[in-house]
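Just so you know, all these numbers are worked out from the coordinates, no wet-lab data involved. Since the structure is predicted, the reported quantities are computational estimates derived from the model, not experimental observations. Ideal geometry is used to build each Cβ from the backbone, glycine not excepted, and the neighbour counts take in all protein chains shown.
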Amino acid sequence: MTGAIRANHAVKRSTPPRLVIFGASNIVSDLFDCALANGLVPAKVVVHLPESAGARGISLAARINALKGLCAAPQVEMLDDFQPGTAELYLLGPTTPTRANLAAELERRFGLRYHTLTHPTAYVSPLAQLGQGVFVGANSVIGPGAVLGDHVFVNRGVTIGHDTHIGAFSRIQPGANLGGLTRIGRGVTIAIGATLLERLVIGDGAFVGAGAVATEDVPDDVLVLGIPAKFKKVL
């Protein structure tokens with residue numbers, strides 16, 4: 001191998017993978033942060049819906065601008081203009097359970113596989129199983145025997161007990177604590193600071209409100225609030 005070829009080979013090997021995020025949301029800064037912490041380049045945000053940051057939200061442009069001095073600004077591209085490239089890793093940006101619709105559209109168009117992104121300060125037991133597209137935020141703990149389905153989003157400072165199973169497209173918000181041997185359905189939200197005791201069953205589409213303490217099973221598609229958590233309404 002000549003010196004020039006060796007140099008080119010070294011450059012190619014040292015180039016970090018490029019992270020492509022589908023869909024913008026308020027959580028995209030966490031994805032940028034985690035990408036940088038893992039030595040990845042947040043290269044592109046592919047937008048599929050008109051932006052709606054809300055009155056107290058922060059725009060995608062502002063979140064990208066915050067990366068100045070840390071890395072090159074990610075490109076913003078519309079979904080209709082996107083084509084998969086080389087050395088790309090893919091992740092969903094929105095955290096709401098409706099992101100299943102985005103995943104279905106991407107599957108129809110491109111048949112992508114997704115990257116599992118874990119913050120370096122998180123602990124994931126080697127006896128746990130994480131599906132594709134899972135995100136695990138800073139200082140979270142995933143216990144042994146836990147199983148996280150595709151595109152489960154685990155925010156910062158979450159604990160997930162041993163042998164707990166979480167269905168696809170569910171989201172666990174900051175500071176939530178999930179007891180062991182629990183079964184959580186598909187598209188479930190466990191809100192900020194909520195606690196689930198051990199051996200519970202949380203139905204598909206259920207929502208356990210912020211700070212709630214669930215002491216008994218929760219049916220499909222209902223909101224529970226309070227300590228102990230009680231039925232509030234059907235979603």
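Summary of computed values
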| read-out | value |
| --- | --- |
| Using θ = phi - 60° and Karplus 6.51 cos²θ - 1.76 cosθ + 1.60, couplings along segment 80-89 (whole Hz; Gly, Pro as x) | 5, 9, 6, 9, x, x, 8, 6, 10, 10 |
| The chain: angle of helix 28-37 to the longest principal axis, Cα-based, in degrees nearest 10 | 60 |
| Mean separation of Cα contacts under 8 Å, 6 or more apart, over the residue count of the chain: relative contact order % | 10 |
| Degrees, to the nearest 10: 3-14 long Cα axis against longest axis of the chain | 20 |
| Whether segment 14-109 is rounded, prolate or oblate, judged on the alpha carbon gyration tensor where a/c under 1.5 counts as rounded | oblate |
| Cα lying deepest toward the dipole's positive end in the chain, options Pro144, Asn38, Gly211, charges on Cβ | Asn38 |
| Cβ-placed point charges (K, R +1; D, E -1), dipole of the chain about Cα centre in debye, nearest 20 | 520 |
| Tilt relative to the chain, helix 99-109 - C-alpha long axis, 0 to 90 degrees, to 10 | 40 |
| Karplus (6.51, -1.76, 1.60) ³J(HN,Hα), θ = phi - 60°, over segment 177-188, in Hz, Gly and Pro reported as x | 10, 10, x, x, 6, 9, 10, 10, x, 7, x, 8 |
| Hits among aspartates and glutamates - C-alpha to C-alpha of Lys68 under 17 Å, sequence gap 8 or more where chains match | Asp30, Asp33 |
| Theoretical ellipticity at 222 nm over the chain - DSSP helices of four or more residues, -39500 (n - 2.57) apiece, nearest 500 | -5000 deg cm²/dmol |
| Tensor-based shape of segment 117-234 (alpha-carbon gyration tensor, a/c under 1.5 rounded, otherwise prolate or oblate) | prolate |
| Using a Förster distance of 22 Å, the FRET efficiency for Lys230-Gln129 (Cβ separation, nearest 0.05) | 0.10 |
